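Report on the following structure.
The values are calculated or read from the model by the stated rules, or taken from the named source; none is laboratory data. All values reported here derive from a predicted model rather than from experimental measurement. Positions of Cβ are generated from backbone atoms using ideal geometry, with glycine treated the same way; all protein chains shown enter the neighbour counts. What goes into the accessible areas is simple: the full protein's heavy atoms, side chains included, and nothing from ligands, DNA or RNA. Shrake-Rupley method; radii C 1.70, N 1.55, O 1.52, S 1.80 Å.
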Amino acid sequence: MAARIATFNDWIDLLQEWQHDIGLDRELIERFMPGYTFEAKYGELATPEIYFGDFKGDRRWEKVREIPDQRMRDAVLNMVVYQGDTEFASNEQQRFLVNNAPTEYDLASLVRIMVEETRHGYQMCHLLVEHFGSEGKIEAQKMLERRAFGKKNRLLNAFNEDVTHWLDFFAYTNFMDRDGKFQLSMLQHSGFAPLAASMGPMLREESFHMGTGITGLRRIAKAGVIPVAMQQKYYNKWIAGSLDLFGTDHSGSAQWAYTWGIKGRVDEDKTTDTVDRETLNERARQQFYDEVAGTVARVNEVVEGDTKLYVPDMRFNRRIGAFSDGHYAVDGRRLNDAEWAAYAPTVLPAQDDERVLAEYFKNPNWIAPKGKLA
């Protein structure tokens with residue numbers, strides 16, 4: 001495959017085509033973010049040195065050719081591609097929501113999130129085009145050719161599923177974007193300096209996305225119109241999907257990424273824990289799971305009545321990792337195929353739930369105003 005682009009400006013022409021395809025046109029951006037321009041942002045690094053792995057103490061690599069092994073260069077390229085792919089995919093998943101926002105405030109929040117996720121993809125493609133030669137240009141081009149809808153060929157399956165309503169969206173932004181924070185935090189320790197320097201601005205923008213999610217979930221719970229059991233189904237859906245994004249257990253690729261100094265632990269610059277290279281994904285997944293439990297506890301603060309929201313067992317509905325070979329209930333019980341077939345619709349969104357939710361959404365009070373959470 002030959003690249004259609006020679007420069008980053010050529011790639012920007014493709015970006016504008018992609019924006020039109022998903023409904024994120026300039027007119028919508030100007031309405032809520034007047035004068036906004038996409039740009040690559042690089043933050044300051046806390047230290048110029050690599051501080052973990054076999055190259056600890058060496059200066060970070062500023063150029064791809066400085067990375068001492070082709071396997072390492074390939075691994076960095078792969079990380080950039082996968083990160084960028086998720087950024088564009090999330091916008092494609094949420095493209096319907098611009099047509100049915102519950103309030104002007106929510107539409108403004110959505111547009112900001114979509115713009116910032118686009119900028120994150122822009123950032124990754126800037127790295128590809130500016131640092132990875134012809135291969136990077138081809139990957140940057142392919143980034144805008146894949147689709148989470150229609151072809152459904154985004155690289156990670158969790159990013160090929162439509163987010164069609166706002167309960168889905170708030171659960172997605174609280175859980176999936178929180179996973180994004182963890183992934184960006186691990187990459188900010190990278191020995192490849194341009195990648196590490198990209199993470200600070202992205203993490204600052206990601207905080208708004210997670211804040212939108214937790215606030216939206218609290219507003220839904222506060223309103224008390226949608227039953228807690230219905231809300232819970234979307235928590236279950238996206239918590240399980242987010243857990244899968246940390247990858248396989250005892251991952252060899254995670255071990256090599258750490259050994260090579262190109263992807264650290266979430267808290268690599270702060271922790272005094274001895275590194276266990278065989279359980280890097282498991283450690284990050286458990287940290288994420290614990291943080292998610294805290295967000296669900298925050299939502300429960302405004303839930304009236306005895307029925308509360310919960311975090312499903314880590315084994316529930318997993319498709320990647322040690323628990324993907326069987327079926328588990330939200331309390332961790334093992335289920336056979338027949339039991340799971342009957343059980344799944346009671347704890348995960350089903351087609352009939354979408355119809356029932358559509359009726360709840362007709363009630364103008366299905367979500368509380370942002371200022372009514374106290």
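Can you say whether E44 is in a loop (DSSP other than H, G, I, E, B), charged (D, E, K, R) and over 30 Å from R95 (Cα atoms), as far as the supplied structure shows?
yes
Which condition number does G305 fail, the rest of (1) open to solvent by less than 80 Å² (accessible area, probe 1.4 Å); (2) in a helix (DSSP H, G or I); (3) under 25 Å from I214 (Cα atoms) being met?
Of the numbered conditions (1) open to solvent by less than 80 Å² (accessible area, probe 1.4 Å); (2) in a helix (DSSP H, G or I); (3) under 25 Å from I214 (Cα atoms), the odd one out for G305 is (2).
Quick one: which residue in R73, R4 is charged (D, E, K, R) and in a loop (DSSP other than H, G, I, E, B)?
Details: R73 fails: in a loop (DSSP other than H, G, I, E, B).
Of R73, R4, the one residue that is charged (D, E, K, R) and in a loop (DSSP other than H, G, I, E, B) is R4.
Each row is one residue, and each column tells you yes or no for (1) open to solvent by 70 Å² or more (accessible area, probe 1.4 Å); (2) under 21 Å from A158 (Cα atoms).
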residue: N300; (1), (2): no, no
residue: V330; (1), (2): no, yes
residue: E339; (1), (2): yes, no
residue: K372; (1), (2): yes, no
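Can we say D290 is part of a loop (DSSP other than H, G, I, E, B), open to solvent by 20 Å² or more (accessible area, probe 1.4 Å) and out of contact with any helix residue (DSSP H, G or I) (no Cβ under 8 Å at 6 or more places or on another chain)?
No; evaluated as a whole, the condition is false for this residue.
I need the full set of residues from segment 202-243 which are closer than 30 Å to P48 by Cβ and open to solvent by 10 Å² or more (accessible area, probe 1.4 Å), in order please. Please lay out each step first, then the result.
Our first condition is that a residue be closer than 30 Å to P48 by Cβ; within segment 202-243, this holds for 202-210.
Residues satisfying the conditions are L203, R204, E205, S207, F208, M210.
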